[in-house]
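K.L.:
Below you'll find the structure I mean.
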Amino acid sequence: MEIPKDLRDRINRETRIVVITGAGISAESGVPTFRGKDGLWRRFRAEELATPYAFKRDPKLVWEWYDWRRGIIARAEPNPGHLAIAEMEMVFPNFHLITQNVDGLHRRAGNQKVIEIHGNLWMLRCTREGTVRENYEVPLKEIPPRCQCGALLRPHVVWFGESLNPEDLKRSLALLERCEVLLVVGTSAVVQPVASFPWMAKEKGAFLIEVNPEPTPLSPLVDLSLRGKAGEVLPELLQELKGALD
Ligand code: BJW
């Protein structure tokens with residue numbers, strides 16, 4: 001891989017780099033993505049389960065889905081794509097990561113400057129009190145799990161039709177406004193508002209890179225399209241970025 005000169009010219013120790021990731025970064029760790037052929041659980045699509053309406057109608061079904069996913073993620077390990085992004089944080093002091101993933105694998109890989117913009121499935125929230133606690137029980141003893149107060153617990157994640165945490169959103173928008181290089185990895189770029197983030201960064205002059213084996217609605221916008229798996233492309237890209245510092 002050789003990166004274009006206009007990208008190379010932007011790279012120095014101070015370059016403000018933002019990475020946005022989606023489910024594709026964890027695919028090589030064995031975590032199923034949401035859309036495409038891997039996206040089905042039983043006969044349901046994510047859009048039918050990741051909603052407050054689905055939870056209200058059938059909390060047991062929704063929790064069975066999360067329990068299944070927690071089981072897979074508990075056995076999964078960060079892959080070379082996660083590790084390359086963790087190393088980027090060490091190499092570039094002005095690096096930030098915005099992930100749509102709720103699996104926690106970026107933190108396990110070593111990233112600390114992470115905004116988990118759709119939440120984290122190892123955190124549970126009381127539907128009555130709003131209190132949040134960690135829970136790593138796999139499988140869950142009780143489905144659906146309950147708070148000591150008797151109310152249902154729900155995953156501390158953002159479902160369709162729900163607002164994102166305003167503080168996370170504000171921090172993300174501030175990072176996008178100032179970033180010089182935006183790397184978008186493993187997302188189908190259809191779920192809002194994150195799908196709009198690259199457009200905002202581009203408008204402010206960022207250099208956009210996409211890593212995905214498939215084209216997405218973002219592909220026509222980007223300056224550099226790297227077609228391939230994150231676990232293969234990102235370690236190479238990291239070497240190129242480090243090489244540009246010499
Ligand atoms: C690889 C790979 C490899 C494979 N290497 N790559 C404006 C217009 C229209 C609609 C809306 C709008 N604003 C809001 C909406 C409604 C809605 C929305 O966007 N709907 C669209 C589907 C149309 N958005 C919301 O409701 C959001 N809330 C909001 O905006 O509040 C204000 C508001 C509400 C209502 C109306 C208007 C305003 C909240 C969205 C929350 C999304 N939640 C989920 C579940 C989180 C919890 C959980 O995980 O259980 O988040 S849904 C699911 O999709 C999950 C993901 O984070 C998200 C994105 O998916 P992602 O990561 O892109 O995965 P995939 O599977 O789609 O793609 C994987 C990609 O990887 C593919 O491209 C592969 O090719 C690639 N790949 N292997 C690299 N090895």
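Rule-based calculations on the coordinates, nothing more; no lab input. Not measured: the values here are computed from a predicted model. Note that we place each Cβ from the backbone using ideal geometry, even for glycine, and neighbour counts take in every protein chain shown.
K.L.:
Given +1 on the Cβ of Lys and Arg, -1 on the Cβ of Asp and Glu, and no further charges, what dipole in debye does the stretch 50-207 carry about its Cα centre, rounded to the nearest 20?
P.N.:
In debye, rounded to 20, the stretch 50-207 gives about 360.
K.L.:
Just to be sure I understand: of the beta bridges DSSP finds with both ends in the chain, what percent are antiparallel, rounded to 5?
P.N.:
Of those bridges, close to 30 percent are antiparallel.
K.L.:
Per residue, how big is the convex hull of the chain when only Cα atoms are used? Give it in Å³.
P.N.:
118
K.L.:
Could you sort the peptides 166-173, 207-214, 90-97 by per-residue average Cβ neighbour count (10 Å cutoff), highest mean leading?
P.N.:
Result, highest mean first: 207-214, 90-97, 166-173.
K.L.:
Which whole-Hz couplings ³J(HN,Hα) result when phi for each residue of the stretch 68-78 is put into the Karplus expression 6.51 cos²θ - 1.76 cosθ + 1.60, θ = phi - 60°, listed in order with x for Gly and Pro?
P.N.:
Whole-Hz 3J(HN,Hα) from phi for the stretch 68-78: 4, 5, 4, x, 5, 5, 4, 8, 7, 10, x.
K.L.:
Using 18 Å as the cut-off for backbone N distance, which residues of the stretch 159-191 belong to the label zone defined by a point 7 Å from the Cα of GLU203 along Cα→Cβ?
P.N.:
Residues passing the 18 Å test: 169-182, 190-191.
K.L.:
Give me the distance between the Cα centres of the stretch 39-57 and the stretch 140-196, rounded to whole Å.
P.N.:
16
K.L.:
Take the alpha-carbon positions of the stretch 142-246, form their convex hull, and give its projected area averaged over all directions (one quarter of the hull surface) in nm².
P.N.:
Approximately 10.0 nm², given one-decimal rounding.
K.L.:
Whole-Hz ³J(HN,Hα) for each residue in the stretch 116-121, computed from phi via Karplus 6.51 cos²θ - 1.76 cosθ + 1.60 with θ = phi - 60°, x for glycine and proline: what do you get?
P.N.:
8, 6, 9, x, 8, 7
K.L.:
Please give the peptides 139-150, 42-53, 72-83 ranked by average Cβ packing (other Cβ atoms within 10 Å per residue), highest first, as a rough proxy for protection.
P.N.:
With the highest mean Cβ count within 10 Å placed first, the list reads 72-83, 42-53, 139-150.
K.L.:
Along Cα→Cβ, 7 Å out, is where each label goes; now give me the distance between the ones at GLU48 and ILE72 in nm to one decimal.
P.N.:
Going by the 7 Å Cα→Cβ label model, 1.6 nm.
K.L.:
Sorted by average packing, counted as other Cβ atoms within 10 angstrom per residue and highest first, what order do 110-117, 156-163 take?
P.N.:
110-117, 156-163
K.L.:
When the helix-only estimate is applied to the chain (DSSP H runs of n ≥ 4, each -39,500 (n - 2.57), divided by the residue count), what is the mean residue ellipticity at 222 nm, nearest 500 deg cm²/dmol?
P.N.:
-9500 deg cm²/dmol
K.L.:
For the stretch 1-80, how big is Rg over Rh, using alpha carbon atoms and the Kirkwood form of Rh?
P.N.:
When Rh is taken as the Kirkwood radius, the ratio is 1.17.
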